[in-house]
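Here's the structure we're looking at; comments come further down.
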Amino acid sequence: MWIELLTKVLIAGAVLTGILSFGGVLTWVERKQSALMQDRIGANRASILGFRLLGLFHIMTDGIKMFAKEEFIPRTDHRVLFLLAPFIAWLFSLAAFAVIPFSPELTVAGYQVTLQVANPEIGLLVAFAMMGMAIYGVVLGGWASNNNYALLGSMRATAQMISYEVALAAAAVGPLLIYRTLNMQEIVIRQGQLYNGWLPLWGIVLQPLAFLLFLVAGAAETKRVPFDLPEGESEIIGFNLEYSSMRFGAFMFTDFIEKILVACLTTTIFLGGWQVPWLADDGFRLGGALALELGPMVVWLLRLAAFGIKVCALIYVLMLVRWTLPRFRYDQLMSFGWKFLLPLAFLNIIVTAAVVLVLNL
Amino acid sequence: MAITVKKIDASPKMNLLERTYLREILRGLWITNRHFVVNLTRHILNLFRIKAKPGAVTIQYPEQHRGYHKRLRTAHYLAHRENDDGPRCVGCMMCETICPAKCIYIVPTEHPDPNVEKQAVKFTIDMGRCVYCGFCVEACPEDAIRMDSGRLDICSYSREGMLWDMDRLLANHHDPAPYKDEEKWLDEEF
Amino acid sequence: MSEERKMVKVTIDGNQYEVPAGTTILEAAKSVGIEIPHYCYHPGLSIAGACRMCLIEVEKVPKLQIACYMTVGDEMVIYTTNERVKRARKAMLEFHLVNHPLDCPVCDQAGECGLQNYYMLHGLYISRVRENKVKKGKKATQIGPHVMLDQERCILCSRCVRFCNEIPKTSELGMFNRGDREVVDIFPGRELNNPYSANVINLCPVGALLSKEFRFKTRVWYLETVKSVCMRCSRACNILIDYNIRRPWKNDGRRLSRLRPRYNAQVNDWWICDEGRFGFDFVDAADRLTVPLSAAGGAQAHSGWEAALETAAARLRQAASEIGDVAVLVSPRLANEALYLLKRVLAEQLPGTSVAFSSLNEHEPTQDDILRKADKNPNTTGAEFLSLTTANAEVKDHAYLLQTAKKGNLSALIVIAHNPVGLPELYGRGWSEALDKVPFKVFIGTNENETSRKADVVLPLAAFAEYDGTVTNFAGRVQLLRRAFDPLGEALAGWELLRRLGNALGGEYDFGSAGEVFDELAQKEDKFAGLSYGDIGELGVKVNG
């Protein structure tokens, strides 16, 4: 019992640390990737003892700057809410990571260990629920700011996030009909099957349309370009207008965490999670025959790495989109979500359901 | 001549494929992705001292200078006389008079040499007010005030710091930035 | 001239005019609004015909004639702007400029230079001179206390020589050598130090004769100008005040740059004396009083106008009612308006005050029969017209005041623009001790001095060129003083200061400007009857008295 608790705490700590560090690195990645895409060099001025290390110290200087800046708190009746709002968003975004299966189970000294904080039967619903809760941070932040512009910004943000939440969930229904489970670990294991002994039956193969819809809705959910209307700081004024210093930083950081979350969810549902193609529990198998035998520890590490690589690739794609496309207009955003994404998702559900029924999968 | 109205249809003509945007988005992603990969490769090659084109077109400003055209109006300086006995300025106040920003303040006095007669004892330019029109250079009968120092780092933490006095203006000329050859400059830019 | 002057008909540039016979063509043309360019001609001097700039064509006269010398005749047909005249003018200007140095940037005359002006109007040619310029004499030598000579710039018009010969009749200057070596210079061993010497600066159409005091201080196009009158003696010559308030870094922040004479045939013709021209240093001096001071039981300390006037009024009323004798030392350096208000305030608020008048001041009583008057106050006649001088039997002189003060019979004393303590040789010895016996002293003046330092309340007065008003000169001509710039610090014009003092003493004096005070003065005072501020004009009006 104590050992189990200790393991959970350790795992949770590892996940938390990993996600937060990765989020920090993403700020640097975003800068560097956009710079390279635009023939620039990117932030490279921060240095320690003359070492610039490709501008990695900017992660640190950003933090120092955020903490050192003057914190301005507007005169508002909801001071507590105002102070809490960024951390509500932050907290729920992080909480969703509890159900993400970063790795398969591994038996170490008789204990089943997995890099997944919790594995409830309704894991995917938990993740969606947490993502939905994160909206509260935005709503409360805009409302407690006692500023009409911030309130309008938060209304826009809420409308957008709720709209795309619907599309996001609808897009995920297609694969779920096939997997017939909400357990995250189960979803990943189901994707380990091979078709004809060579084609990995990942979600993206079975549900390419749902994958696209999910990715687009996910990008919209994370409020990134081209869906970054809620922020649009200088142009249309967003919900975080009155926030300064680290509270503003928390909102911004939440964005990065949500980006990782969307990448993790997509990986889990559509990209086979920690699955490595043709890698079974005992090694690589081609055409049913064992091609390369590997120890369980190596397999586990390979699968963990596979998850990380898939997430990184997705984030690269998300950032590529973010630095390529211009922002939508608000009416375009809404009609795109309701009139295009959602009907397509429903169509996907109907077709999938019919196919599943007919083929009796 | 009668007024004719020519209607110009500025709205782009798009076919169905273009109107779905999907292909256009993919093309855009392809372009940015290509830049990323190519630039990253170039950076890495350069890092290992393998000759390749630079991975970025930007200039790292304080270390690198772009090179200015020699007709660019940069920070002012006051020229010295040929034999280096004092400034060329005779305190005639032509620049002060023509200055549309009224940012030049001159106090003249008697010059010890009766053939020179007049000199400036105080010559201050409020660089924060200057509009860099170059009228002062045009107006100067002695070619004393010039604007080809090649310096553009005109900055200060206070308004007082933007007041450049005579000593500073006289010393300003010693470190001219490298000028690009005019022909070359034109070739590169246009 | 008693009888009607004979008129003649002339045609100038195609138009017929009637002008008095005997006038020169230049004057005749000027009288009908046609300017003929000239350098050497000056209406106040004899005619030299040296510069040849005023060449004009007269029909039936084969050669061009100089307009400054030829007098008009009946049925004369004159051309001032035809091609021949224009060509001649251009040629003459070219001659003048052959050896003229191109040092306009360092020349103080630049901006008001005859050569520059006529070049722009009549020259605009490209120089054809390929030879070196003939260099004459030295650059900028001081030839008198106020005048710098630069022979290179001279165009040999001889105005300055004629002026010294004809007006002060001192003949310090002469023309030497011939041809292109001819120069104007001072006679050996002489110095251009006559009392009118600086007029040559204004006479000189170029930058050859320049002011020592104004040298390099600013540029003339930075100056603004008002028409006023000089306050250095009782002639009150008409002057132009050139001042610079937009560029305070020039000339150590002095606002008043220079004075120039202004033509008024009734007062000073074209001239002013050097004493008046350079006697304005006190206006921007460091010892100007800029704020009201009051010494309530100790050293003089800055106080606001309200507080200073309250203190003064309270003490003056107390002195007048309880102890008795309050005295005022009136100055004829105040304008008519201030004197009138002083008289009215004293009569209405402090009846029984003894008034003493002194026309003495610190300046040497120089005089001659050209302009300078021995009375160095501008408004002695104005004070006389207002019955504030000793001509009125009730008004005492300063000697009587000194005796009373010495005896300790004065309970309060107001000194206005006088300095009896600092100038004992003028006002008599013992003022310092005598003032110590007066319990309450008010000083009203422009600059700090020995008397102001002994005062209990010091009220700063606006100085010359800081206020509007009128002064009456020795001949009874009322002329306008004009404000060029605001009074320094919190100083107030005389009439405004006395108006506020009168109000503090319990009266109700409501004037918005010096003009309103003068108009009331003109109604109440017989001598000024019939005048109004608006009618005085630039040249002044002679009072009937």
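Brief remarks on what is shown
- FRET efficiency estimate (nearest 0.05) - Cβ-Cβ, A:ASN146 to A:LEU5, R0 41 angstrom: 0.40
- Gaussian network model of chain A, Cα within-10 Å springs - most flexible of A:VAL317, A:VAL138, A:VAL108: A:VAL108
- Between B:GLU142, B:GLU96, B:GLU63, the GNM of chain B built on Cα springs shorter than 10 angstrom shows B:GLU63 fluctuating the most.
- By average C-beta atoms within 10 angstrom, highest first, the peptides A:153-159, B:84-90: A:153-159, B:84-90
- Label-to-label distance, nm, for residues given as C:LEU539 and C:ASN503 (7 Å Cα→Cβ offset): 3.9
- Packing-based ranking, highest mean first, of C:101-108, B:97-104, C:329-336 given that Cβ atoms within 10 Å are counted: C:329-336, C:101-108, B:97-104
- For the range A:208-278, the fraction of 1.4 Å probe accessible surface lying on carbon and sulfur atoms is 72 percent.
- Average accessible surface area per residue within chain C, 1.4 Å rolling probe, Å²: 43
- Added length on full extension, which subtracts the Cα-Cα distance from 0.36 nm per residue, A:LEU194 to A:SER47: 47.9 nm
- Length gained on full extension, C:ALA307 to C:ALA475, computed as 0.36 nm times the residue gap minus the Cα-Cα distance: 56.4 nm.
- The protein assembly as shown: C-alpha gyration tensor shape, a/c 1.5 cut-off, then a/b vs b/c: prolate
- Bridging of B:LYS70 to lysines at a Cα separation below 21 Å is possible for B:LYS180, B:LYS184, once same-chain residues fewer than 8 apart are set aside.
- Whole-number D in µm² s⁻¹ for the range C:68-175, Kirkwood Cα-pair radius fed into Stokes-Einstein, 20 °C, 1.002 mPa s: 129
- Of all DSSP beta bridges confined to the range C:293-542, the antiparallel ones make up roughly 35%.
- Acute angle (nearest 10 degrees) that the helix A:148-179 long axis makes with the longest principal axis of chain A, alpha-carbon atoms: 0
- In this structure, the amide hydrogen of C:ILE12, modeled 1.01 Å from its nitrogen in the peptide plane, lies closer than 5 angstrom to those of C:TYR17, C:ILE78, counting only residues at least 5 positions away or on a different chain.
- Ranked by how many other beta carbons lie within 10 Å on average, peptides C:483-495, B:150-162, C:150-162 from highest: C:150-162, C:483-495, B:150-162
- Average other protein chain Cβ within 10 Å of Cβ, residues B:31-39: 5
- 3J(HN,Hα) from dihedral phi, the range B:134-147, Karplus parametrisation 6.51/-1.76/1.60, rounded to Hz, x for glycine, proline: x, 4, 4, 5, 4, 6, 5, x, 9, 6, 8, 9, 9, 10
- Hydrodynamic radius (Kirkwood) for chain A, which is based on Cα pairs only, to one decimal in Å: 21.8
- When only the Cβ of Lys, Arg, Asp and Glu is charged (+1, +1, -1, -1), the dipole of chain B relative to its Cα centre reaches about 1720 debye.
- Dividing the helix sum by the residues of chain B, where each DSSP H run of 4 or more adds -39500 (n - 2.57), gives a mean residue ellipticity at 222 nm of -8000 deg cm²/dmol.
- Long-range amide H partners of A:GLY283 with built H, under 5 Å: A:LEU294
- Principal-axis tilt of helix B:22-47 within chain B, Cα atoms, nearest 10 degrees: 60
- Counting charges near C:PHE440 (Lys, Arg +1; Asp, Glu -1) among other residues having Cβ under 13 Å from its Cβ returns a value of +1.
- FRET E, pair B:HIS80, B:CYS155, Förster distance 35 Å, beta-carbon r, rounded to 0.05: 0.85
- Structure note, pairs B:LYS118/C:LYS169; C:LYS250/C:LYS454; B:LYS122/C:LYS212; C:LYS9/C:LYS542; C:LYS139/C:LYS373: Cα-Cα distances above 28 angstrom occur for B:LYS118/C:LYS169; C:LYS250/C:LYS454; C:LYS9/C:LYS542; C:LYS139/C:LYS373.
- Distance in nm between pseudo-label sites at C:ARG5 and C:GLU364 (7 Å out along the Cβ direction from Cα): 4.0
- R0 of 41 Å, Cβ-Cβ distance A:ASP39-B:ALA171: FRET efficiency to nearest 0.05: 0.60
- Virtual paramagnetic centre 7 Å along Cα→Cβ of A:THR61, amide N under 19 Å, in the range A:235-259: A:245-246, A:249
- Whole-number percent relative contact order across chain C, with pairs defined as alpha carbons under 8 Å at least 6 apart: 11
- GNM result for chain A, Cα springs below 10 Å: residue of A:LEU302, A:LEU213, A:LEU271 fluctuating most strongly: A:LEU302
- Kirkwood hydrodynamic radius (C-alpha pairs) into Stokes-Einstein, the range B:77-171, 20 °C and 1.002 mPa s, D in µm²/s: 157
- Rounded if a/c under 1.5, otherwise prolate or oblate - the range B:11-123, Cα gyration tensor axes: oblate
- Heavy-atom accessible surface of the range A:52-137, averaged per residue, reaches 55 Å², computed with a 1.4 Å probe.
- Accessible carbon and sulfur surface of the range C:293-542 relative to its total accessible area, %, 1.4 Å: 46
- Here the relative contact order of the range C:293-542, from alpha carbon pairs under 8 Å that lie six or more residues apart, stands at 21 percent.
- The string of couplings for the range C:161-178 from the Karplus curve (6.51, -1.76, 1.60, θ = phi - 60°) is 5, 5, 4, 5, 6, 9, 8, x, 6, 10, 6, 7, 9, x, 9, 10, 6, 9 Hz, one whole number per residue in order, with x for Gly and Pro.
- Beta bridges per DSSP, both residues in chain C: antiparallel share near 65 percent.
- Inter-probe distance in nm under a simple model that places probes 7 Å from Cα toward Cβ, at A:VAL166 and A:GLU293: 5.7
- Length gained when the stretch C:ASN15-C:ASP287 is fully extended (0.36 nm per residue, less Cα-Cα span): 92.0 nm
- MRE, 222 nm, helices only [DSSP H, n ≥ 4, -39500 (n - 2.57), over chain C, to nearest 500]: -6500 deg cm²/dmol
- Take each residue of peptide A:33-42, count the partner chain Cβ atoms within 10 Å of its Cβ, and average: the result is 6.
- Heavy-atom accessible surface of the range C:98-211: percent carbon and sulfur, 1.4 Å: 53
- Rounded to the nearest whole Hz, the Karplus-based 3J(HN,Hα) values (6.51 cos²θ - 1.76 cosθ + 1.60, θ = phi - 60°) of the range A:284-293 follow the sequence 6, 10, 10, x, x, 8, 6, 8, 8, 8, with x at glycine and proline.
- From its DSSP helices (H runs of at least four residues, each -39,500 (n - 2.57)), chain A gives a residue-normalised ellipticity at 222 nm of -21000 deg cm²/dmol.
- For the range C:7-95: rounded, prolate or oblate by the Cα gyration tensor [a/c cutoff 1.5]: oblate
- Top positive-direction residue, dipole computed over the protein assembly as shown with Cβ charges, set C:ASN447, A:LEU271, A:GLY308: A:LEU271
- Counting DSSP beta bridges with both ends in the protein assembly as shown, the antiparallel % (nearest 5): 75
The values are calculated or read from the model by the stated rules, or taken from the named source; none is laboratory data. Bear in mind that the values here come from a model prediction, so they are computed numbers and not experimental data. Cβ: placed from backbone, ideal geometry, glycine included. Neighbour counts: every protein chain shown. What goes into the accessible areas is simple: the full protein's heavy atoms, side chains included, and nothing from ligands, DNA or RNA. Shrake-Rupley method; radii C 1.70, N 1.55, O 1.52, S 1.80 Å.
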